[in-house]
Structure formats: structure tokens, C-alpha cells
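The structure appears right after this line, and notes come after that.
Coordinate-derived values only; no laboratory data. What you are looking at is a predicted structure, and each value in this text was computed from that prediction instead of being measured. Neighbour counts run over all protein chains shown; Cβ positions are idealised from the backbone, glycine included.
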Amino acid sequence: MTLLKSAGMDFVASHSEGYCVWDLDGREFLDLDLRAGVYNLGHRNPRVTEALQGALRSSDMGFALFPGEHQTALAEKLAASSGLDNVLFAPSGTEANDLAIQVARRHTGNRRILSCASGYHGAAGLASAAGNPEFSQNFNSDYPDEFATFPAGDLDSLRDELRRGDVAAVLIEPACNAAGYPTVPEGFWTEVQSTCAEHGALLIMDEIVTGLGRSGHVWGFQKVGVTPDIAVTAKGLSGGIYPIAAVLMSAESAQWLHQDFAGYAGTFAGGELACVVGSAAFDLSTSRETLENVHAAADHFADGLEAIRSRHSALKDIRQFGILFGLEFDLDGAGFAMVQALFRNGVLAFPAAHANRVVNLKPGLLVDEAFCSDALQRVEDAVKTL
Ligand code: PMP
């Protein structure tokens, strides 16, 4: 927080509604970060808050041993939408990625996990050791023998690692959030899938940022045209109201559940109230109307950003994955400078953690034209001051 203050971003959130947040002095900000997708549906979305209020009359956290009505309903929706028929819940994205890694290790008997060098998959444990090892090294908690990385989009490095034959899984996002959504070469995804299969490794897709409507499809893997063995979802499933995450598994990778049903038993995993909220958030995030809005708003943003780029040469490239945008500038450190400039123009955004020339913009799934136009104007005003 001291760091933000010294960077001129003295901000304490007071209240929030829709896609706006106000600070203690009453200053309004457009939220173009949305906590990386937690607030996909806006802050305090009434459909989600009403679902929780209703559920409080009859539900609590549920039982550990027996499934609950709401847990079962949400699991069925997640399975039907993904084709991955087995679902386990977790309280956070970190824990869900940890579980996905454990499932892959149990299924394959291998230990090594491959992931993108600029990726981020969680704040602790196995999940933090995957992707860029900066976080785990920071806490002296990395596992260099068990986790390896490959540069984003680099199939040759990925193949070399897989050829060793000791890989349990490739853990990867359909578009890497921490790298600012770089594009991958044509045919990348089908190659990743077939190379994993050839070498007996599972493909785990981290859909924590890219899933639940963000790509214009329900899941990002549907946009890139592959079906993983395991998919992980979190953030947006909470509706911004109640933490919940889930691991969706193919029948094969979930075989172990038939031998060992209590093999994973997180106390706060998949409670009934969380699942009521998760169901409401899932329904709204993935409805036909919402996905249509995502396509329209994504086009609006893409056209507007392209026009800004044509007027300002500092803005070098615009990466897009559905309604996720990475703006790349021609200067080291421009990502954070742009975050500061956006802040001065009343916009909250975040730099790409592992690409210092890139700022990420993540407009919500339900934004309207007026919001898009206002946000684009502020983005241009910020670019002008860089
Ligand atoms: N994977 C990705 C791609 C993420 O962006 C994050 C959170 N920023 C996580 C995993 C970890 O999720 P959580 O913070 O809920 O533990």
C-alpha cells in the first residue's frame, strides 16, 4: 500500500456498484481490472446478492460427507458446459490449481509440472511453484526439480520438456493473463494437446481469468478449440460475493475418486451458500444474452483501442482474447506508468505482472455502450500523458 501511495495512487475503497468504485473522498473510478474477473458481473450484482439473501433462509455451509442440493446443481452445470464430468470444489483458485496438480500426479504417477514462464497460478503451495517461480522463490518455497517452464507459445521447448517422459501435466491458461495475453502461433493448441497425449501428460487449463464468458465462449478452451483433461475455475464463479473455485475433470483423470472418495476434503470447499452464489454467477455469466454482449462490447473496445493506437505511436500493440485486452507500449516500465496515468483519469487497472510494457484492461461482461465510450476516452487521455 505504501508503494501505491508513493506512486501517486492514494486510494482506499469506500463503496462500489456496477462497474464503478468510489474512494473515501467520494471520487469515482471505472473498474477495468475487476480483480481479474471476480467482478465480471459488476460489483454487488443484484441477481447474485438476491440469490445469497434467499439461500440464507434455508442453507448454510452444508455437510462434509454428503453432497448438498446446491452443490450438486452447480456441479451439473459446470460439467454440462465443459464436457468434463467430474467436479470438485475448492475455496480459492490457488487451492483449486493445487488440487488439479495433485490429481494429475496421482493419475500419471509422474511429478513434473510444465507451465508458461510468464504465467501465474496461485499464491501458495504447488500453484505458486508453477508459472513464473518469482513468488515461490520469494518465500524460499520453490521446487526446481518438479516444476519447469517454457516461454509463452514456444512449442519446441514444450516438446523437449515433454520428451523426458516424466511430466504429470502441462498447466496453462488459454491466454496468459500475467503476460498480457500474447498471441500464440497458428496450430499451437492442437499441438499442445496432441503432444501431451503422446507423452502421457495431462493438459490442465487454468480458466480462472479466461473462463465464464470472458472469451465470448463459456470457457476459453472452447475458443482455442481444445478440450483439456482438467479445467480450473474460480474468481468470476464467486459473483464477487462468496469465494468458490472448482476443478473439472475428465472421467479418466477422476478415476481415483472411485477408490478414494475422501482423497480431497477441504472444509470450506463447495459449501451450499457458495454454490448458490456460484450457480447464479454461472447462469448470468454464460447466458446467451451475456455472451452476445461480450462480443459486442469486445468489438467496441477493440475498434476504439485500434483508433487510439492509430493516433498515438507509443501504443505499439493491442492483444485481445475475448473481452480481455493487453496494451503494449514501446517503453520499459510503461505498464505501470499507464496504470498511474489511468488512475489520474479515474480508471482502475493493473499492469501485466510479467510483461512490464503491458497494461491489462478487463472490461466487465455486462458493460454497455456508454461505459465503453467513457472508458475509451479516459484510456486515450491517459495514453496522451505517457
Ligand atoms: N490463476 C490465475 C490465472 C490467476 O489470475 C489467479 C489469481 N490472480 C490464480 C490462479 C489464483 O487464484 P486465487 O487468488 O483465487 O487463489
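Brief remarks on what is shown
- Cα-based shape type of the chain, given that a ≥ b ≥ c are square roots of the gyration tensor eigenvalues and the cut on a/c is 1.5: oblate
- FRET efficiency, 1/(1 + (r/R0)^6) with R0 45 Å, evaluated for Q255 and L4 via beta carbons: 0.45
- Taking N as the residue count of the stretch 1-52, its C-alpha radius of gyration divided by 2.2 N^0.38 Å amounts to 1.29.
- Potential lengthening of the chain between Q53 and S373 amounts to 111.8 nm, from the contour at 0.36 nm per residue minus the alpha-carbon distance.
- Computed E for D381/E292 - FRET, C-beta separation, R0 30 angstrom, nearest 0.05: 0.50
- In nm, spacing of pseudo-spin labels at R164 and S16 (7 Å Cα→C-beta vector): 4.0
- Annotation: peptides 312-324, 184-196, ranked by per-residue average of other Cβ atoms within 10 Å with the highest first, follow the order 312-324, 184-196.
- About its Cα centre, the stretch 179-310 has a charge dipole of approximately 280 debye under the convention of +1 per Lys or Arg Cβ and -1 per Asp or Glu Cβ, with nothing else charged.
- Ordering of 163-176, 338-351 by packing [mean C-beta count within 10 Å, highest first]: 163-176, 338-351
- What separates the Cα centres of the stretch 94-118 and the stretch 336-371 is a distance of 31 Å.
- Spin-label zone in the stretch 66-84 - amide nitrogen under 17 Å from a point set 7 Å from the Cα of T227 along the C-beta vector: 76-84
- Approximate spin-label separation R311-R111, in nm, with each point projected 7 Å along Cα-to-Cβ: 5.7
- Magnitude of the charge dipole for the stretch 287-327, about its Cα centre and with charges confined to Cβ atoms of Lys, Arg (+1) and Asp, Glu (-1), is about 240 debye.
- About the centre of its Cα atoms, the chain shows a dipole size close to 280 debye [charges on the beta carbon of Lys, Arg (+1) and Asp, Glu (-1) only; nearest 20 debye].
- Computed extension gain for A197 through S157, at 0.36 nm per residue and net of the alpha carbon distance, reaches 12.8 nm.
- Annotation: Cα Rg of the stretch 177-282 relative to the compact-globule expectation 2.2 N^0.38 Å equals 1.20.
- Phi to ³J(HN,Hα) by Karplus 6.51 cos²θ - 1.76 cosθ + 1.60 over the stretch 291-308, Hz, x for Gly, Pro: 5, 5, 5, 4, 4, 5, 5, 5, 5, 4, 5, 4, 5, x, 5, 4, 5, 5
- Compared with the direct C-alpha span, the chain from D299 to R44 gains 89.2 nm at full extension, assuming 0.36 nm per residue.
- Taking all Cα pairs closer than 8 Å and separated by 6 or more residues, the relative contact order of the chain comes to 22 percent.
- From largest to smallest, the equivalent ellipsoid semi-axes obtained for the stretch 37-152 from the alpha-carbon gyration tensor read 32, 18, 14 Å.
- Segments 68-81, 144-157 sorted - mean Cβ within 10 Å per residue, highest first: 68-81, 144-157
- Rounded Å value of the spacing that divides the Cα centres of the stretch 4-80 and the stretch 143-192: 31
- Estimated FRET transfer efficiency when R0 is 56 angstrom, pair E76-L331 (beta carbons, to 0.05): 0.70
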